[in-house]
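A quick write-up on the structure given underneath.
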Amino acid sequence: MSVIILFTAVSIAKMLLAVALMIATVRIFIGPRAQDRILALDAAYVIAMLLLVTFGIGSGLTVYFEAALVIGLMGFVATVALAKFLMRGEVIE
């Protein structure tokens, strides 16, 4: 019984996260300002990270969790670099 509930919950989470990723991708392409695009990119990497975690829960493989960790670290660095670029016009001083 609990396996069926877990499978159903993970499947629903995957579908909802896929929809959220599509919405964030649309915002990346049609965002009116650069700040909107950066926020959408930030949301997209968090959603992608969560999608990998749900794949890891569903399959039981630890590779998905490690990939989610790498995406989280790279996404954070990219967000900081883009925010610094918008504030000062250069990343490396």
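The values are calculated or read from the model by the stated rules, or taken from the named source; none is laboratory data. Note that the structure is a prediction, hence the values are computed from the model and not measured. Reconstructed Cβ throughout: ideal geometry from the backbone, glycine too, with neighbour counts over all protein chains shown.
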task = Could you run through region 15-25 and say how many residues are more than 10 Å from the chain's Cα centre (by Cα) and buried (at least 16 other Cβ atoms within 10 Å of the Cβ)?
result = 0
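Please find, within region 1-39, the residue that is nearest to residue 79 (Cα to Cα) out of those that are in a helix (DSSP H, G or I) and of a type in the set (Lys, Arg). I'd like the intermediate steps shown before the answer.
Quick first cut of region 1-39, residues in a helix (DSSP H, G or I) only: 2-30, 34-39.
In the following step, the residues that additionally are of a type in the set (Lys, Arg) were identified as 14, 27, 37.
Values: 14: 24, 27: 16, 37: 11 Å.
Per the criteria, the residue is 37.
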ask   = Which of (1) modelled with pLDDT of 95 or more; (2) surrounded by 16 or more Cβ atoms within 10 Å (Cβ to Cβ) is the odd one out, the single condition residue 82 does not satisfy?
value = (1)
remark   = Residue count, region 40-93, condition part of a helix (DSSP H, G or I), free of Cβ contacts under 8 Å to residues at least 40 places away in the same chain, farther than 30 Å from residue 5 by Cα and over 13 Å from the mean Cα position of the chain (by Cα), comes to 7
